[in-house]
Amino acid sequence: MELCQHGDAEEYIKRLPGKMLSSWDCRNLLFQMAFSLHVAADKFGLKHYDVKLLNFFLQSAKDPLLSDDEHPHVVLRYGVGSSVFRLRMHPSTALIAKLADYGTSVLRTDTDGQPISLGQFTTFENTPPEYLILGNSAEQGYGHDCFGLGLCMFHLFTGIGPYEEILDDVVCPANLKTKLRRIWKSQTHDVIRSAMMYEGEDGKEIEDETLYNTLYRFLVLFGIPKNQFCMKENGKVWRAINSTLVTKQDSKAKTFPDAAVFQKHRKRFSLFEGNDKRIVSARRRLEEMDGAMDLLLSLVSFDPKKRATPLDVINSRFMEAIKEHSDVAYDDEDIVRSYTSYLTS
């Protein structure tokens with residue numbers, strides 16, 4: 001891979017004034033991230049299993065022979081299916097996003113639909129919810145990358161940092177944790193337990209509690225889904241969630257202490273109604289762009305079968321604004337680069 005002088009996307013954003021990309025730049029980067037995942041899957045059957053901003057490197061799209069003062073806009077044209085998408089970028093933010101760090105990747109397509117293994121537990125904070133709900137019954141496939149792309153989108157629009165830094169003081173309540181521990185120790189979910197346990201310096205096993213907080217934070221941020229997939233055949237975790245976090249009508253707070261904590265956390269950090277200033281800012285920016293919020297919610301669907309794919313992202317309503325039409329006009333000075341091998345007409 002060529003030298004990506006801007007480093008990874010997370011660190012790049014942290015160096016920006018206000019630690020924030022414009023909403024337009026967020027869309028341009030998300031498109032390129034989705035395109036890279038689509039091409040990797042289509043050409044190589046690649047499943048990355050660790051999609052996050054730290055694993056997207058940014059290369060300048062500018063002409064190195066031109067000074068910043070005289071550099072024109074840069075246009076990257078991507079052909080996908082019957083459409084061409086036009087990313088016109090100011091030279092100060094003219095970037096090419098490149099997917100990197102393939103240490104956890106799988107190229108074999110014969111693993112699709114197979115039960116998950118320890119190899120799919122990479123960055124614990126980005127573990128897709130179906131792994132933690134279904135345990136050994138969860139399947140390998142592209143859903144992990146799609147959920148990771150959704151967390152990337154959320155990160156782009158908050159700007160400040162990944163969701164786990166924003167929700168750093170949100171931890172799984174005691175009763176829910178106790179129930180999850182019991183379930184994750186059982187034979188139906190022991191792949192989770194195996195991922196969580198590591199050996200300390202004294203040789204004794206130590207439990208990494210990150211995954212308890214990961215599942216709980218997803219519930220705080222995105223809410224408890226109304227349609228709880230696989231409830232009939234694999235509902236242990238769903239029942240643990242419902243019995244601890246959902247307050248029964250006419251019940252007292254003392255009866256459901258976890259539910260009271262959950263509502264307190266939701267009031268601050270819910271994507272839909274949270275009053276934390278970082279959440280409020282991200283929600284406003286998402287709602288200002290047609291299709292952005294719907295796309296994000298599709299990417300972070302708890303049900304992997306309903307999750308948007310990278311190609312869905314490319315063809316989404318959110319990307320309509322960058323679709324090239326027949327009457328498009330270019331500035332004579334624009335630097336235009338075209339990537340049209342996936343254009344069919």
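Given the protein chains as shown and a 1.4 Å probe, how many square angstrom of Lys43 are accessible, to the nearest 10?
130 Å²
Counting pairs on different chains as well as pairs 8 or more places apart, how many Lys pairs in region 134-256 have Cα atoms under 27 Å apart?
Total qualifying Lys-Lys pairs in region 134-256 comes to 27.
Write out the trypsin sites (Lys or Arg not before Pro) in region 220-313 meeting two conditions: DSSP loop, and at most 11 other Cβ atoms within 10 Å of their Cβ. Let's see the in-between values first.
Working: sites: Lys226, Lys232, Lys236, Arg239, Lys248, Lys252, Lys254, Lys264, Arg266, Lys267, Arg268, Lys277, Arg278, Arg283, Arg284, Arg285, Lys305, Lys306, Arg307; in loops: Lys226, Lys232, Lys248, Lys252, Lys254, Arg307.
Passing both the DSSP loop test and the Cβ count: Lys226, Lys232, Lys248, Lys252, Lys254.
Tilt of helix 236-245 relative to the longest C-alpha principal axis of the chain, in degrees (0 to 90, nearest 10)?
That helix lies at roughly 80 degrees to the long axis.
Counting only protein heavy atoms and a 1.4 Å probe, tell me what percentage of the chain's accessible area is made up of carbon and sulfur.
Looking at the chain in its full context, I get 50 percent from C and S.
Against the longest principal axis of the chain, how steep is helix 277-288, in degrees 0 to 90 to the nearest 10, with axes from Cα atoms?
50 degrees
Roughly how many whole Å is it from the C-alpha centroid of region 293-317 to that of region 179-242?
24 Å
Taking a 1.4 Å probe, which of Tyr12, Tyr102, Tyr339 shows the most accessible area, and what order do the others take after it?
Most to least solvent-accessible, the answer reads Tyr102, Tyr339, Tyr12.
When all protein chains stay in place, what accessible area (Å², nearest 10, 1.4 Å probe) is found for Ser341?
100 Å²
In square angstrom, what is the accessible area per residue of region 213-345 with a 1.4 angstrom probe? The partial results should precede the final answer.
Working: 7410 Å² over 133 residues.
In whole numbers, region 213-345 has 56 Å² accessible per residue.
Summing -39500 (n - 2.57) over the DSSP H runs of n ≥ 4 in the chain and dividing by its residue number, what mean residue ellipticity at 222 nm do you reach, to the nearest 500 deg cm²/dmol?
Values: 13 runs with 134 residues, N = 345.
So the helix-based figure for the chain works out to -11500 deg cm²/dmol.
Compute the helix-to-body angle for 257-269: its Cα long axis versus the longest principal axis of the chain, expressed 0 to 90° and rounded to tens.
Roughly 10 degrees between the two axes.
How many angstrom lie between the Cα centre of region 83-161 and the Cα centre of region 52-70?
First find each Cα centre; the distance between them is then 23 Å.
Which lysines have a Cα lying under 23 Å from the Cα of Lys14, excluding residues fewer than 8 positions away in the same chain?
Lys52, Lys62, Lys98, Lys277
Rounded to the nearest 20 Debye, what is the dipole magnitude of the chain about its Cα centre when Lys and Arg each give +1 and Asp and Glu each give -1 at the C-beta?
1780 debye
May I ask for the net charge around Leu299, where only other residues with Cβ less than 9 Å from the Cβ of Leu299 are counted and Lys, Arg are +1 while Asp, Glu are -1?
Residues near Leu299 contribute 0 overall.
Sketch the reach of a paramagnetic label on Thr255 as a point 7 Å from Cα along Cα-to-Cβ, and name the residues of region 166-195 whose backbone nitrogen lies under 19 Å away.
Counting backbone N atoms under 19 Å from the label point, the list is 175-176.
Leaving out ligands and nucleic acids, note down the accessible area per residue over region 69-191 with a 1.4 angstrom probe, in whole Å².
For region 69-191, the solvent-accessible area averages 37 Å² per residue.
The values are calculated or read from the model by the stated rules, or taken from the named source; none is laboratory data. Note that this is a predicted model, so its numbers are computed, not measured. Glycine also receives a Cβ, built like all others from the backbone with ideal geometry; neighbour counts cover every protein chain displayed. SASA here: full protein model, heavy atoms, side chains in, ligands and nucleic acids out. Shrake-Rupley method; radii C 1.70, N 1.55, O 1.52, S 1.80 Å.
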